[in-house]
1. Skipping prolines and chain starts, which residues have an amide H placed within reach, meaning under 5 Å, of the one on Phe189, given they are 5 or more residues away or on another chain?
2. A 20 angstrom limit on the alpha carbon distance is what I want to check against. Which of Lys60/Lys119; Lys79/Lys117; Lys60/Lys117; Lys85/Lys117; Lys79/Lys119; Lys60/Lys94 exceed it?
3. Taking the Cβ of each residue in Val41, Val292, Val298 as the centre, tally the other Cβ atoms inside 10 Å and list the residues starting with the fewest.
4. Does the range 191-316 classify as rounded, prolate or oblate by the C-alpha gyration tensor (a ≥ b ≥ c root eigenvalues; a/c under 1.5 gives rounded; else a/b over b/c gives prolate, otherwise oblate)?
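Taken together, the values in this text are just the output of simple stated rules run on the coordinates, not laboratory data. Just so we're clear, the structure is a prediction, and the values are computed from it rather than from any experiment. Methodologically, a virtual Cβ is constructed for each residue, glycine included, from the backbone with ideal geometry; neighbour enumeration extends over all protein chains shown.
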Amino acid sequence: MKKRLYRLAALLAAVILLAGCGASPVTTEEEMDVTGRYYLVGTTEKTAAVLNEVNYLRLKDDGEAIYQITYDQLEYKWKLEGEGKLILTMNGEKTVGTLANGVITIRLDNSERVFVKGKNAAQRYIDTHANTILVPPTDRPDGSTAADTKAPDTTEAPAPSTEETKAPDTTEAPASTAHSGPFDPDVRFTGTDQYGNEINENVFREHVLTMINFWEPWCGPCVGEMPELEQMYQNRGGELLILGVYWTEDGAAEVLSETGVTYPVILFDSAFERYQTGYVPTTIFVDPGGHVIGQPYVGAHSGADWNEIVTKMIGH
């Protein structure tokens, strides 16, 4: 009986001690440790359309950091200073950002990027901030501001759809190939096509619709749809421009020769970075004013499907 009383007294004392000290709430792993994988959820310009598990910033517990973007992997050293000041260092050059509540904001690849720790949290962040500008304009040491890069006009863009083949809801199709209104394109780029011709964003002005198709020489579905894209390009008589964009030069010339495409094809320009999904093929559409229409199309499609999508956008 005495043993039971002693045990009860000991238990009661433990409860009183916890009550007096204040029991600490359960701490999540994210709160305990800043190391881990932070997924890219958007840039200065806008929130990502979908979560892309390929693009992330990983902070390792040994002080190393990995920045994985599309097919490139960059290695940094990282450390925290003060209250949430994140410093990445590569070859003696420092890049300073912030880290707070599982969110990293830092300037990489000439754009302020936002990363969120953990896939679930990153997806919630994207859902919450759909089609918004993530990083407000801020003064930089060089005197420029984040506002120097104009955000895409997303006021009429449809919400991300789970149906990859659904065409963007465009209520007003361009009426002619001549663009006489303000020209302030979302994408400003420069490239040289397979014929040695320099090409830039001014080509948007000259066509009712521009279809930018991102592909790779090693990608079977990419190469497979190119002959049908070429046929559509020929049939549309100049109102549709198809612009092929690739990353890997090895094998590209052979693919162009085998498929016989005549529409311009250029090497990837960093200006297209914010429209990447991490998968190929990916396709976006641009109107004569230089504005990206809707969301990216991920995956290859038949010629009939592409024609249907283009017809809805152009109006015939």
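1. Answer set, sorted by chain and number: Glu201.
2. Details: Lys60/Lys119 17 Å; Lys79/Lys117 16 Å; Lys60/Lys117 13 Å; Lys85/Lys117 16 Å; Lys79/Lys119 23 Å; Lys60/Lys94 18 Å.
Table pairs above 20 Å Cα-Cα are Lys79/Lys119.
3. Working: Val41 26, Val292 23, Val298 17.
In order of increasing Cβ crowding within 10 Å: Val298, Val292, Val41.
4. Values: a/c = 1.31, a/b = 1.21, b/c = 1.08.
Rounded, because the longest to shortest axis ratio a/c is under 1.5.
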